[in-house]
């Protein structure tokens, strides 16, 4: 049986040194041993297999924030090292940036993905949001959406109309404003006791939201570049922040993502990553229906009836086209 005093939770890492929180909440710096044992990332903590459409288990398991590890301490020097990465119950992965092959694990042992977009400045792109949501769905992670800076468009009620398609699809949406102190309490409560990954484009205010909800984080706030209207990256690497309060929890603040890639997701599995399409998938005439031009396609019929958002359907078609090897959707 594992000695809990030797267990730790990886909070961050840079230059080969990792900050690890022990069970007693103390934090130590630890190096990574070259002989780190590989856990079976294709299994849940209870040993059962899980669907992993983003990535099959590879020969090398890369350490990431959120990993639970076993620590070893040198009795002579007192140096602490990570000797084993414990099995992951979940993971959030995306394709390596720049068109490279392979995956990048964003965080391990995650309960939910919180995708943050700005109502304006920078201008939101719904199809980019769809890509974030697909990655969460493919990793079998719950997802919720935050539309921040609603004061720039007249408040939450004015912002809501643009995002109704996502509410209809079943996603919880938080409409927030740090300046107006709007929507922060509900978002705070949704993070308490959970391991959450905050993600989204640069410049949408992820760090500002965390600073406003949790005292003591003091994350650097990025500026929006007026010349290109793109956020400058302010977070150097992923960081798992312990949350204060009786329920605890952790929030992973990740670097702003200029591009989001869906790595190794089979085109025929994409429809399962759109929750509003799922009720209609078994009714199509053909089992391998692409929901494009095939006769008796229940998905297209649902779109025509208005049961499924046409904009979300068109986004699905473009993303599927991309997964089949054609030019990216945007």
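Things worth noting here:
- Within the stretch 198-217, one or more residues are assigned to a strand (DSSP E or B), in contact with a helix residue (DSSP H, G or I) (Cβ under 8 Å, 6 or more places away or on another chain), buried (at least 17 other Cβ atoms within 10 Å of the Cβ) and modelled with pLDDT of 85 or more.
- Enumeration of residues in the stretch 136-187 that are assigned to a strand (DSSP E or B) and over 22 Å from the mean Cα position of the chain (by Cα): 182
- Hits in the stretch 226-238 - residues which are surrounded by fewer than 20 Cβ atoms within 10 Å (Cβ to Cβ) and modelled with pLDDT of 75 or more: none
Residues checked against (1) out of contact with any strand residue (DSSP E or B) (no Cβ under 7 Å at 6 or more places or on another chain); (2) surrounded by 13 or more Cβ atoms within 10 Å (Cβ to Cβ); (3) without any contact (Cβ under 8 Å) to a residue 12 or more places away in the chain; (4) assigned to a helix (DSSP H, G or I):
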{"residue": "286", "(1), (2), (3), (4)": "yes, no, yes, no"}
{"residue": "295", "(1), (2), (3), (4)": "yes, no, yes, no"}
{"residue": "308", "(1), (2), (3), (4)": "yes, yes, no, no"}
{"residue": "312", "(1), (2), (3), (4)": "yes, yes, no, yes"}
{"residue": "318", "(1), (2), (3), (4)": "yes, yes, no, yes"}
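- Residue check for residue 139: crowded, with 19+ Cβ neighbours inside 10 Å and either touching a residue at least 60 places away in the same chain (Cβ under 8 Å) or over 17 Å from residue 252 (Cβ atoms) (or both): yes
- Residue count for the stretch 123-135 satisfying the condition of being part of a helix (DSSP H, G or I) and in contact with a helix residue (DSSP H, G or I) (Cβ under 9 Å, 6 or more places away or on another chain): 8.
- Of all residues making up the stretch 17-26, the number that are in contact with a strand residue (DSSP E or B) (Cβ under 7 Å, 6 or more places away or on another chain), surrounded by fewer than 14 Cβ atoms within 10 Å (Cβ to Cβ) and over 12 Å from residue 7 (Cβ atoms): 1
- Check on residue 193, out of contact with any helix residue (DSSP H, G or I) (no Cβ under 9 Å at 6 or more places or on another chain) and crowded, with 17+ Cβ neighbours inside 10 Å: no
The values are calculated or read from the model by the stated rules, or taken from the named source; none is laboratory data. No experiment lies behind these values; they were computed from the predicted model shown. Heads up, the Cβs are rebuilt from the backbone with ideal geometry, glycines too, and the neighbour counts pull from every protein chain shown.
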